[in-house]
Structures are given as structure tokens and as C-alpha cells.
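Reviewing the structure listed below.
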Amino acid sequence: MDINNSPDYVAVTEKIRQYTLAAVKRSRYEHSMRVAETAQILCRKYGIDEKRGYLAGVGHDMCKDMSDILLVSIALRDGHSITPLERKKPALLHGRAAAVKMTEDFGIKDPEILQAVADHTFGAPDMCDLAKIIYVADKIEPGREYVTKAYMEKLAGLQLDGLVAAVLRDGISYLEKKGCMVAPESELFLESLEKNNAYAR
């Protein structure tokens, strides 16, 4: 489905919202709606189609509460292998599984929406701007405890890649302090941002 030219855009977004409401616990549904609203704001700020950001935000966690076995079986249908980290913690496959369901069950063919949903957990090199926005919106939606007024003021003046890099560095630092493994995709994502942009740290 070409979302931008489809008269059914509102209906498809609503179907995804209803599915998400039924498929995940209430707190996760509310998180998803905050991500959608945050993505809408960021899309408006950075000149990206906010309808696509809203849809991706609504559905990005639609598979988060599935069993590990189901997540693996759905995610594998995207044609990519399961990484060692995903094998260790299959819940990390929820974005990939959601992108598959968007394609198979809701007719979404827009590659940028699908990338945004599939890669929102770790990030990835060469992400499109819409995917970068969903990555950030998931991390800075107002329900997150660490998202204070001061934190948002620190991010306010950044260009999109600078915003993504700042949020990504904070996430990597948090995982390292907890002694958790950082996904190689996240490290490569940060390297690509730093290589392609001349902004200062």
C-alpha cells in the first residue's frame, strides 16, 4: 500500500491502533500512543510526513507482548537471520515482527515505515529520516522517567542527526553502566552518524 496516495490511510492507522490495543498490555499501548504523538511533533519539526510517523509510532510495539517462539517465527519471515543477541533475548525481535505483520496483515509496503518499525530497538546504519525519528521518539516520549524538562531543553536545538546521536549515546552509556551488552547495530549506527556529520559532540 502506498500510504501517501491511499484514501484508506486513516482506516489503516485505526486498524493498527485497534490491533495494538488488543495485543499489548495497557501501559505499552499508552507508550505506543505517546511515541506516535512524539513522532508526529518531530516529523513536523524536521519536515517529514507526520502521518507516516504517527502510523509507525502506533504500531512499533504491537508484537512486544508475544511469546518468544511466536516472535522468532514471525521475525524470520523478513528474510534476515537471528543475531546472537536476539537469540539470547527474543523480545528484541518485536520490531522486526511488527514490520512483518504490518506488511502481511495491514498491507503496508512503504519501505521507510517498515524500516522505522523494524529497526527502532537498536537503530542501524543508513536509516532513513523517518526511521531516525521513530528511534528517537521511542526513547524520548514523555512517559520515560528520565525525560525531564532539562533533558528536552538540552536536545531542543539539535539537527536531526545530532538529536539521534545524542539520544543514542545516552542509551549506550546507560547499558554500559548496567553491564548490559550493547547491540553491534547500535554501535555501527553511532559510527555512521559520526562519520557522516560534522557536528561537535
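Coordinate-derived values only; no laboratory data. Predicted, not measured: the structure shown is a model, and the values here were computed from it. Neighbour counts run over all protein chains shown; Cβ positions are idealised from the backbone, glycine included.
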query: For region 31-147, rounded, prolate or oblate, judged on the Cα gyration tensor with a ≥ b ≥ c (square roots of eigenvalues), a/c < 1.5 rounded, else prolate if a/b > b/c?
result: prolate
- line: Within the set Ile134, Ile16, Ile69, GNM on the chain using Cα springs under 10 Å gives the largest fluctuation to Ile69
Rounded, prolate or oblate (a/c below 1.5 giving rounded, otherwise prolate when a/b exceeds b/c) for region 129-201 by Cα gyration tensor: oblate
statement: Which of [x] 49, 39, 33; [y] 73, 49, 38; [z] 43, 38, 31 gives Cα extents along the principal axes in Å as computed here? It is [z]
- line: In nanometres, the difference between 0.36 nm per residue of separation and the alpha-carbon distance of Glu191 and Arg87 is 35.0 nm
query: Can you list the chymotrypsin sites (Phe, Trp or Tyr not before Pro) in region 110-172 that are in a DSSP coil and have 11 or fewer other beta carbons within 10 angstrom?
result: Tyr146
Selected from Ala150, Ala183, Ala97 as most flexible by GNM, with the chain as the system and alpha-carbon contacts under 10 Å: Ala150
query: Zone of Leu21 (label point 7 Å along Cα→Cβ, backbone N under 19 Å): which residues in region 48-62?
result: 54-62
- line: For region 1-123 the mean separation of alpha carbon contacts under 8 Å (6+ apart) over residue count, i.e. relative contact order in percent, is 27
- prompt: What spacing in nm lies between the two simple spin-label points modelled at Met152 and Lys51, each 7 Å away from Cα in the Cβ direction?
  reply: 2.7
- prompt: Which one of Leu55, Leu21, Leu70 has the biggest mean-square fluctuation once the chain is modelled by GNM with Cα springs under 10 Å?
  reply: Leu70
message: What distance in nm lies between label points placed 7 Å from Cα along the C-beta direction at Ile41 and Ser73?
response: 4.0
query: Of the listed peptides 30-38, 83-91, what is their order by residue-averaged count of other C-beta atoms within 10 Å, with the highest listed first?
result: 30-38, 83-91
